Amino acid sequence: MQYNRIVAWKEKRNMHPLIDCHAHLTDRAFDADRGAVIARAKEAGVSRVVIVGQDGDENEAVLAAQMEEPFFAGCLGYHPDRFADDRPPPTGEALERVIGQIRRSAGEIVAIGEVGLDRWVCRDDARREAQHDALARLVDLAAELDLPLNLHSRSAGRRTIDLLLQKGASRVLMHAYDGKAGHALRGVEAGFVFSIPPSIVRSPQKRKLVRALPLEALALESDSPVLGPERGERNEPANLTLTVAAIAEIKGVRPEEVERVTTHNALRLFALHEFRSD
């Protein structure tokens, strides 16, 4: 990891707090050193991490984690990979459990997520239809509860944006979007925010996306423990500084401007207040 160099770079200038808009810090990959990961994130200038749930069990872990650690802001969701072809078919009870969790916890969470479409892991037509129907229900629930959406759209960017626009959604974070920039611009017009992970340093698609979208439509995410600067290595929120540097270089602006604008976008989208523990 390039952590020491990153922190040194941050210390040379006036830091703006960073917000990690999408991470999985309840994942088992962090069980041995979660406290150290949080400490490194804070030292690197991260002021808040939005953690997402993927099913009923993980949603409970997210709720517990944000109660124990104010640094976390929680989202509850039902990940589209639960419909994957290589998994047992999801039950209606599983989705109803998640909907019940979201309703009961609506005042404690900052968004519904992780939810979305994934046509990479789900190729069977019937499963794709079930996946689409589940997302449609959750988009309606977000509108009913006045909550934003934290969206996954692997190999389904256009279809996801079509569904969201048809339903009039506007408070949307498109996480690690892998689709075409032209479709993304349709989301930008509707007010969507697109979060960029540290994998931008090795991803031509993410760099092309950042070039195409205005800074006012961008936010930061780690998607920890994946999508780090080095393929196959565990990612963590401290690596957001690499995302900042990459966006600044592509946009031709100072890193401080990237920090300021992306943090503003995240605070606005998730109705967060700035939080610092130091």
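The values are calculated or read from the model by the stated rules, or taken from the named source; none is laboratory data. Computed from a predicted model, the values in this text were never measured in an experiment. Cβ: placed from backbone, ideal geometry, glycine included. Neighbour counts: every protein chain shown.
Can you pull out every residue in segment 85-118 that is farther than 20 Å from Tyr177 by Cβ and either under 20 Å from the mean Cα position of the chain (by Cα) or aromatic (Phe, Trp, Tyr) (or both)? Lay out the reasoning, then the answer.
Filtering segment 85-118 for residues farther than 20 Å from Tyr177 by Cβ gives 85-109.
Result: Val98, Ile99, Gln101, Ile102, Ser105, Ala106, Gly107, Glu108, Ile109.
Which condition breaks for Glu274 when tested against (1) modelled with pLDDT of 95 or more; (2) among the charged types (D, E, K, R); (3) in contact with a helix residue (DSSP H, G or I) (Cβ under 8 Å, 6 or more places away or on another chain); (4) not in a helix (DSSP H, G or I)?
Only one criterion in (1) modelled with pLDDT of 95 or more; (2) among the charged types (D, E, K, R); (3) in contact with a helix residue (DSSP H, G or I) (Cβ under 8 Å, 6 or more places away or on another chain); (4) not in a helix (DSSP H, G or I) is unmet by Glu274, namely (1).
Against the conditions (1) in a helix (DSSP H, G or I); (2) over 17 Å from His175 (Cβ atoms); (3) hydrophobic (A, V, I, L, M, F, W, C), where does Leu269 fall short? Just the number, please.
(2)
Pairs under 6 Å by beta carbon, first residue more than 17 Å from Leu269 (Cβ to Cβ) in segment 158-179, partner β-branched (Val, Ile, Thr), six or more apart or different chains?
Lys167/Val139
Within segment 241-250, restricting attention to residues that are touching a residue at least 40 places away in the same chain (Cβ under 8 Å) and touching a Lys or Arg at 6+ places or on another chain (Cβ under 8 Å), which residue is surrounded by the most Cβ atoms within 10 Å (Cβ to Cβ)?
Within segment 241-250, the match that is surrounded by the most Cβ atoms within 10 Å (Cβ to Cβ) is Thr241.
Taking Leu242, is it under 20 Å from Arg40 (Cα atoms) and either part of a helix (DSSP H, G or I) or small (Gly, Ala, Ser) (or both)?
Details: under 20 Å from Arg40 (Cα atoms): yes; either part of a helix (DSSP H, G or I) or small (Gly, Ala, Ser) (or both): yes.
Yes, satisfied.
When you go through (1) part of a helix (DSSP H, G or I); (2) out of contact with any strand residue (DSSP E or B) (no Cβ under 7 Å at 6 or more places or on another chain); (3) not aliphatic (A, V, I, L, M) one by one for Gly107, which number turns out not to apply?
(1)
Every residue in segment 76-114 that is under 13 Å from Gly53 (Cβ atoms), in contact with a Pro (Cβ under 9 Å, 6 or more places away or on another chain) and either surrounded by fewer than 16 Cβ atoms within 10 Å (Cβ to Cβ) or touching a residue at least 40 places away in the same chain (Cβ under 8 Å) (or both), please.
The answer is Tyr78, Val110, Ala111, Gly113, Glu114.
Check whether at least one residue in segment 200-213 is surrounded by 23 or more Cβ atoms within 10 Å (Cβ to Cβ), touching a residue at least 12 places away in the same chain (Cβ under 8 Å), of a type in the set (S, T, N, Q) and not in a strand (DSSP E or B), and report yes or no.
Within segment 200-213 (the criterion being surrounded by 23 or more Cβ atoms within 10 Å (Cβ to Cβ), touching a residue at least 12 places away in the same chain (Cβ under 8 Å), of a type in the set (S, T, N, Q) and not in a strand (DSSP E or B)), the answer is no, since none of the residues qualifies.
Just one of (1) surrounded by 20 or more Cβ atoms within 10 Å (Cβ to Cβ); (2) over 14 Å from the mean Cα position of the chain (by Cα); (3) of a type outside the set (S, T, N, Q); (4) farther than 21 Å from Leu63 by Cα trips up Asp133, so point out which.
So the condition that Asp133 fails would be (1).
Which of (1) modelled with pLDDT under 95; (2) over 18 Å from His273 (Cα atoms) does Asp133 not meet, given it meets every other one?
(1)
Would you check if there is a residue in segment 215-237 being touching a residue at least 24 places away in the same chain (Cβ under 8 Å), buried (at least 24 other Cβ atoms within 10 Å of the Cβ), touching a strand residue (DSSP E or B) at 6+ places or on another chain (Cβ under 9 Å) and assigned to a helix (DSSP H, G or I)?
Yes, some residue in segment 215-237 is touching a residue at least 24 places away in the same chain (Cβ under 8 Å), buried (at least 24 other Cβ atoms within 10 Å of the Cβ), touching a strand residue (DSSP E or B) at 6+ places or on another chain (Cβ under 9 Å) and assigned to a helix (DSSP H, G or I).
What number of residues in segment 187-196 are free of Cβ contacts under 8 Å to residues at least 60 places away in the same chain and within 15 Å of Leu240 (Cα to Cα)?
The total comes to 2.
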